[in-house]
Amino acid sequence: MRVDPSEISARKIYRLMTFAIAPRPIAWVGTVSQAGVTNLAPFSFFNGVCASPPTVIFSCSVRRDGSVKDTLRNLEQVPEFTISTVSFAQGEQMNQTSTELAYGDSEFDTYQIAAQPSERIAPPRVQQAKLAFECTLQQLIPVGEGPLSATLVLGRVVLVHIDDSVIDPQGDPMADRLDLIGRMGGDGYCRTREQFTLHRPK
């Protein structure tokens, strides 16, 4: 089978990509509007970029009706955001926050998700998250136009919060205790508890 993206709809290539690029980590992104209303939304096109300076990236797509997501609207007003990790126990709450609420309605309030104030930026993080980043916006990079195009959001990590219960004696977060979930294609998810080791060649 061969697929030429120019010959199929954006929706079909999006579906193909989400099945092919998996598992994908989930950024549970907290932002705040200029009026002070918080927003919380999950993004699975997310990853780290580099460590010096510590930088993360996620992709905020344009909705199928062509409208801009609340996260991007907020970032243009208050250029800061948090990323909370999502454990298996938080999967249902995270999924609820993917619902498209009216702009100005807070997912923290609507779904009764406890918010923890940040120390260096305005948007809060998810209080129950085992690990969270406080980030300042570095750059917005538009990619494409119209529905299912996106804006890449580059952020600099200015503070990391880690629950002491997930840290090993070397100071590293333990994957089994974080118990993160990842996004697969369609409605599929996976957990990070099953692992194996491959040592790098010297």
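Quick notes on this one:
- Residue 148 vs. criteria assigned to a loop (DSSP other than H, G, I, E, B), under 19 Å from residue 27 (Cα atoms), in contact with a Ser or Thr (Cβ under 7 Å, 6 or more places away or on another chain) and not hydroxyl-bearing (Ser, Thr, Tyr): yes
Residues checked against (1) surrounded by 17 or more Cβ atoms within 10 Å (Cβ to Cβ); (2) aromatic (Phe, Trp, Tyr):
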| residue | (1), (2) |
| --- | --- |
| 14 | no, yes |
| 42 | yes, no |
| 58 | yes, yes |
| 71 | yes, no |
| 78 | yes, no |
| 109 | no, no |
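- Residue check, residue 41 modelled with pLDDT of 95 or more and within 23 Å of residue 114 (Cα to Cα): yes
Table: residues versus (1) free of Cβ contacts under 8 Å to residues at least 24 places away in the same chain; (2) in a strand (DSSP E or B); (3) among the β-branched types (Val, Ile, Thr).
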position	(1), (2), (3)
2	yes, no, no
13	yes, no, yes
16	yes, no, no
19	no, no, no
22	no, no, no
28	no, yes, no
31	no, yes, yes
35	no, no, no
41	no, yes, no
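- Only one entry of 104, 144, 66, 48 meets the criterion of being at positive phi and in contact with a Pro (Cβ under 9 Å, 6 or more places away or on another chain), and that entry is 66.
- From the options 102, 89, residue that is within 22 Å of residue 22 (Cβ to Cβ), exposed (fewer than 12 other Cβ atoms within 10 Å of the Cβ) and more than 13 Å from the chain's Cα centre (by Cα): 89
- Those residues of the stretch 114-147 which are over 18 Å from residue 74 (Cα atoms), in contact with a strand residue (DSSP E or B) (Cβ under 6 Å, 6 or more places away or on another chain) and aliphatic (A, V, I, L, M), in sequence order: 129, 131, 132, 143
- Any hit, the stretch 116-130, residues being surrounded by fewer than 18 Cβ atoms within 10 Å (Cβ to Cβ) and in contact with a helix residue (DSSP H, G or I) (Cβ under 7 Å, 6 or more places away or on another chain): yes
- Test: residue in the stretch 154-164 that is without any contact (Cβ under 8 Å) to a residue 24 or more places away in the chain, surrounded by fewer than 16 Cβ atoms within 10 Å (Cβ to Cβ) and over 17 Å from the mean Cα position of the chain (by Cα): yes
- Only a single item in (1) under 16 Å from residue 154 (Cα atoms); (2) in contact with a Leu (Cβ under 8 Å, 6 or more places away or on another chain); (3) free of Cβ contacts under 8 Å to residues at least 40 places away in the same chain is not met by residue 51, and it is number (2).
- Close Cβ contacts (under 7 Å, 6 or more residues apart or on different chains) running from residues in the stretch 175-202 that are outside any loop (DSSP other than H, G, I, E, B) to residues that are at pLDDT below 95 and exposed (fewer than 10 other Cβ atoms within 10 Å of the Cβ) comprise 175/195.
The values are calculated or read from the model by the stated rules, or taken from the named source; none is laboratory data. Here the structure is a predicted model, which means the values were calculated and not measured. Here the Cβ is made from the backbone with ideal geometry for all residues, glycine too, and neighbour counts use every protein chain on show.
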